[in-house]
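Data first, discussion second: the structure below is written as structure tokens.
The values are calculated or read from the model by the stated rules, or taken from the named source; none is laboratory data. Note that the structure is a prediction, hence the values are computed from the model and not measured. With ideal geometry, Cβ positions are generated from the backbone for all residues, glycine too; neighbour counts draw on all protein chains shown.
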Amino acid sequence: MSTTAPSNISLVFLDIDGTLIDSAFKIQEEVRTTIETCSKQGVKFALASGRPLFGAADVLKQLPISAPSVFFSGGLVYDPIRKQTLHQSTLEPEIVRALIDTAHSADIYIELYTVDNYFIEATTDLTALHARYLNRHPECTDLRRLATQDQILKVVMIANGHSEQDKLRELLSSNQHVSCGYASGAGDPDILFANLSSRDANRAATFELVL
């Protein structure tokens, strides 16, 4: 990467998994040095990720992220300097409950996300795997009750292996009530994450709030 910032660039959005963080969940020193050098030259950096805010805490500590950033695939715009939420899109409780029922019917692992934490109903091997990405373990709770009692920004379903991945894609193919984005694990190519958020939440739209 070049260590001299082009004069016509004032703001750079950075994804986290597979871009800032490698398969070992580390920020390469060359990447870190380039960002720090460009920041000193006046370039502002922002994050744009499907991760929750708390799942990006280590990145925010390590890098000079100075512009409002996008989390939850557009569900949250947060200013890390002012520590202020600029935009938030949540899922309707009935939509969340329907997604829970869908996951249960197909025996698919599911997580619910609030702005501050994430939740499961039972621990599996996928729980520990995803906790490595987020550097946090989820809380166990009744997900249907949580859907009614708290604001849910994102639902994540996780498939392990090609057959389960195909089942997950088929399961969600006809769902018109949420925005769905798929991502493979940076260090686990057999893992597929389905990130489900409000149709009002998308990165392109939230970029306008930052720009």
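List the pairs whose first member sits in the stretch 128-139 and is without any contact (Cβ under 8 Å) to a residue 24 or more places away in the chain, whose second member is of a type in the set (Val, Ile, Thr), and whose Cβ atoms are under 8 Å apart, counting only residues at least 6 apart or on separate chains?
These pairs meet every condition: 137/127; 139/120.
For the subset of the stretch 165-185 comprising residues that are free of Cβ contacts under 8 Å to residues at least 24 places away in the same chain and part of a strand (DSSP E or B), which member is nearest to residue 74 (Cα to Cα)?
180
Quick check on residue 113: is it out of contact with any Cys (no Cβ under 9 Å at 6 or more places or on another chain), of a type in the set (Phe, Trp, Tyr), within 24 Å of residue 70 (Cα to Cα) and not assigned by TED's automatic domain parsing to the domain that holds residue 15?
yes
Table: residues versus (1) acidic (Asp, Glu); (2) under 28 Å from residue 21 (Cα atoms); (3) under 13 Å from the mean Cα position of the chain (by Cα); (4) not assigned by TED's automatic domain parsing to the domain that holds residue 79.
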residue: 98; (1), (2), (3), (4): no, no, no, yes
residue: 108; (1), (2), (3), (4): no, yes, no, yes
residue: 117; (1), (2), (3), (4): no, yes, yes, yes
residue: 132; (1), (2), (3), (4): no, yes, no, yes
residue: 136; (1), (2), (3), (4): no, yes, no, yes
residue: 141; (1), (2), (3), (4): no, no, no, yes
residue: 147; (1), (2), (3), (4): no, no, no, yes
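For the stretch 96-109, name all the residues that are free of Cβ contacts under 8 Å to residues at least 40 places away in the same chain and among the polar types (S, T, N, Q).
Correct list: 105 only.
Only one residue in 84, 62, 41 is closer than 30 Å to residue 178 by Cβ, surrounded by fewer than 22 Cβ atoms within 10 Å (Cβ to Cβ) and over 12 Å from the mean Cα position of the chain (by Cα). Which one?
84
On the basis of being free of Cβ contacts under 8 Å to residues at least 60 places away in the same chain, assigned to a strand (DSSP E or B), at negative phi and surrounded by 14 or more Cβ atoms within 10 Å (Cβ to Cβ), does residue 112 make the cut?
yes
Among the listed residues 31, 12, 77, 70, which satisfies the condition of being touching a Leu at 6+ places or on another chain (Cβ under 6 Å) and either in a strand (DSSP E or B) or surrounded by fewer than 18 Cβ atoms within 10 Å (Cβ to Cβ) (or both)?
Exactly one residue qualifies, and that residue is 77.
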